[in-house]
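So the structure is just underneath, and the comments pick up after that.
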Amino acid sequence: MLYMHDLWVNWFEGEENGYNVCRFHEWRKEDGIELIDQIPLIFVEDHLFNFIENDLQDLPASLLQDVHRKTYMKKNQERQTVEYAAVITNGKDVIVFDTIGYTLPVKKSRLIPRQERLVFEMVQGKDPEIYLIEENVSKEHHILSLEPTKMSGLTRRERQLKQLLMMALDQLKHSDHPEEVRYWLTEWDPAQYPTIKQFSNEEAWDRLYEGTCNGWSKVHEELCMKMVKGQPFFETIWQGENERVSQHMKSQN
């Protein structure tokens, strides 16, 4: 078995979509970066890599058995054993997982570029390990778990705010005031106002969702800001993202 040593990881917990496991260039100073002393490296086929990267389901029992208690973390100069963790690659991309004792990849991380390159060098010329996974129905994406194409090209902040906007839209759809949907559709696209009045609540919500679920723009951001106003939980997320931006700008000056 291959092993890697002295690996820096930045765990993202409970993420089923790989686009939320941030690449190194999006790591932040306040992220909890940890050092792994030793961890197995497993070369796998594309379908298993995608399963681990973009889902949150039980891992193959044989894979868990192969990596059981073979990872060591360094914390306060002490070496701590990890139940199930590994670096996984398909030869084109890399992800690290830690099940925190469960059987699914609860925590995931990317690697720094230098260590990613080392992974590719270590598996070059080798054959992937074969692990069987149960044939599952294709993963369903929905408003709170958008398809990767709808997050493509966005920054970490934009992805966070887009997820916040989708949460607000989902809440709106199931609220006791469905008539508000036409108001928010008018805010999103004022040019549609003459025809919006003719829409049912369902039609208006579909138009609003279809319009906002692609890309990210200043109009998206303005709508998000207006929709979360007065909602403490949503406002906390909004303020947190914007405070990080202002702090980053100050550090650049």
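Remarks
- With the highest mean first, a sort of the peptides 43-55, 140-152 on other beta-carbon atoms found within 10 angstrom per residue produces 43-55, 140-152.
- Counting protein heavy atoms only, the chain has 49 percent of its accessible area on carbon and sulfur, 1.4 angstrom probe.
- Candidate values (i) 40, 21, 15; (ii) 34, 21, 18; (iii) 51, 17, 15, label of the one derived for semi-axes √(5λ) of the Cα gyration tensor in Å: (i)
- Theoretical gain in end-to-end length, A191 to D66 [0.36 nm per residue, Cα-Cα removed]: 39.1 nm
- Of all DSSP beta bridges confined to the chain, the antiparallel ones make up roughly 85%.
- Taking Cα centre as origin and charging only the Cβ of basic (Lys, Arg, +1) and acidic (Asp, Glu, -1) residues, the dipole magnitude of the stretch 72-137 rounds to 460 debye.
- Among W184, F199, L165 the positive-end extreme of the charge dipole of the stretch 105-211 (Cβ point charges): L165
- Rounded, prolate or oblate (a/c below 1.5 giving rounded, otherwise prolate when a/b exceeds b/c) for the stretch 1-66 by Cα gyration tensor: oblate
- Among the listed pairs K173/K226; K74/K126; K92/K139; K197/K218, those with a Cα-Cα distance over 18 Å are K74/K126; K92/K139; K197/K218.
- Normalised convex hull volume, the stretch 96-205, alpha-carbon set, Å³ per residue: 204
- Local net charge near G240, Cβ-Cβ under 13 Å (Lys/Arg +1, Asp/Glu -1): 0
- Förster radius 35 Å - calculated FRET efficiency between I33 and K226 (Cβ-Cβ, nearest 0.05): 0.50
- Cα pair distances in the stretch 140-253, grouped into 5 Å bins until the bin that holds the longest one, percent each: 2, 11, 21, 22, 20, 13, 6, 3, 1, 1, 0
- Here is what passes the span test in the chain: the DSSP H helices with alpha carbon length of 18 Å or more along the helix axis and a Kyte-Doolittle mean of -1.0 or above are 156-173.
- A helix-only calculation puts the chain at -12000 deg cm²/dmol for mean residue ellipticity at 222 nm, using -39500 (n - 2.57) for each DSSP H run of at least four residues, averaged over all residues.
The values are calculated or read from the model by the stated rules, or taken from the named source; none is laboratory data. Because the structure is predicted, anything quoted here is derived from the model rather than measured. Note that we place each Cβ from the backbone using ideal geometry, even for glycine, and neighbour counts take in every protein chain shown. With ligands, DNA and RNA removed, areas are computed over all heavy atoms of the protein, side chains included. Shrake-Rupley method; radii C 1.70, N 1.55, O 1.52, S 1.80 Å.
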